[in-house]
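Presented below is the structure to which this report refers.
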Amino acid sequence: MTCWKIMIVDDHPLMRRGICQLLSFEPDFEIVGEASNGADAVQLASEKDPDLILLDLNMKGMSGLDTLHAMRAEGIQSSIVVLTVSDSRSDIKALVNAGADGYLLKDTEPEQLIELLKQALCGGKAYSDLVREHLEDSSEQDSLLNSLTDREMQILQEVAKGYRNKQIADSLFISEATVKVHMKSLLKKLQVKSRTAATVLYLESQGQ
């Protein structure tokens, strides 16, 4: 029978103990280490070589994101699943882009948590339902933004800085009429009706 080695990283002792107790009921899991901060977590992961690391996001000192970067830089190959209270789109995007193998919310039902961790250990991705929805929305936004021409993207970036048409025209050395034509086109492509909505779409794509 497969027995997966699990390591838990969280700066709250009660949370670590609760997760340990939950996972200890699973014969497929063996807890091989606990860490309360990022620096200890990197060292412990190198020593124990766990199959999966359950990583908190908001920790004192090194954040979960910094810890994830450090682990990957050290060549740690474990599956790393973030377990956090944050459902922020920017947090989700940053962690997934940094190489996290999953992103789970701490209000996930225990049975679902176990199932998703096993999914990650079998080479899949472990996402809470809300996280998956955010990622799908983000993918759709990226697709819309990719439909813009280079000039339209330049103009959108200027709009996101709060510039008006005249300022954009001066900045890009084109006429104000040309800016208006491009604005009309990019709003249509992004399926929005206002500069503000286009700006929100762009900033969300940048994780802001």
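A few points about this structure:
- Scanning region 184-195 finds one or more residues that are of a type in the set (Ser, Thr, Tyr), at pLDDT below 90 and surrounded by fewer than 16 Cβ atoms within 10 Å (Cβ to Cβ).
- Qualifying residue in region 132-149 (condition: among the β-branched types (Val, Ile, Thr) and either open to solvent by less than 30 Å² (accessible area, probe 1.4 Å) or within 20 Å of the chain's Cα centre (by Cα) (or both)): no
- The single condition among (1) more than 24 Å from the chain's Cα centre (by Cα); (2) open to solvent by 30 Å² or more (accessible area, probe 1.4 Å); (3) not hydroxyl-bearing (Ser, Thr, Tyr) that CYS20 does not satisfy is (2).
- Subset of region 59-70 (residues that are in a helix (DSSP H, G or I) and polar (S, T, N, Q)): THR67
- Close Cβ contacts (under 8 Å, 6 or more residues apart or on different chains) running from residues in region 186-208 that are among the basic types (Lys, Arg) to residues that are part of a helix (DSSP H, G or I) and surrounded by 12 or more Cβ atoms within 10 Å (Cβ to Cβ) comprise LYS189/LEU144; LYS189/GLU152; LYS193/LEU187; ARG195/VAL159; ARG195/MET183; ARG195/LEU187.
- If the condition is being hydroxyl-bearing (Ser, Thr, Tyr), touching a residue at least 60 places away in the same chain (Cβ under 8 Å) and open to solvent by 10 Å² or more (accessible area, probe 1.4 Å), then region 66-96 contributes only SER90.
- Candidates ASP51, ASP10, filtered to the one that is modelled with pLDDT of 95 or more, more than 26 Å from GLU136 (Cα to Cα), touching a Phe, Trp or Tyr at 6+ places or on another chain (Cβ under 7 Å) and of a type in the set (Asp, Glu): ASP51
- Filter pass, ALA120 being open to solvent by 20 Å² or more (accessible area, probe 1.4 Å) and small (Gly, Ala, Ser): no
- Within the set LEU156, LEU68, LEU144, the sole residue that is at pLDDT below 90 and farther than 23 Å from GLN21 by Cα turns out to be LEU144.
- All strands (runs of 3 or more DSSP E) inside region 1-58 with 1 or more residues being among the charged types (D, E, K, R): 4-9, 29-35
- Within region 99-115, tally of residues that are among the small types (Gly, Ala, Ser) and closer than 19 Å to ASP11 by Cβ: 1
- In summary, SER36 fulfils each of the numbered conditions (1) of a type in the set (S, T, N, Q); (2) touching a residue at least 60 places away in the same chain (Cβ under 8 Å); (3) under 21 Å from LEU14 (Cα atoms) with the single exception of condition (2).
- Any chance LEU203 is touching an Asp or Glu at 6+ places or on another chain (Cβ under 7 Å), surrounded by fewer than 16 Cβ atoms within 10 Å (Cβ to Cβ) and not acidic (Asp, Glu): no
- When region 47-65 is filtered for residues that are open to solvent by 70 Å² or more (accessible area, probe 1.4 Å) and farther than 20 Å from CYS3 by Cβ, the ones remaining, listed by number, are ASN58, LYS60, GLY61.
The values are calculated or read from the model by the stated rules, or taken from the named source; none is laboratory data. None of these values were measured; they are calculated from a predicted model. Methodologically, a virtual Cβ is constructed for each residue, glycine included, from the backbone with ideal geometry; neighbour enumeration extends over all protein chains shown. Note: accessible area is taken over every heavy atom of the protein model, side chains too, but ligands, DNA and RNA are not part of it. Shrake-Rupley method; radii C 1.70, N 1.55, O 1.52, S 1.80 Å.
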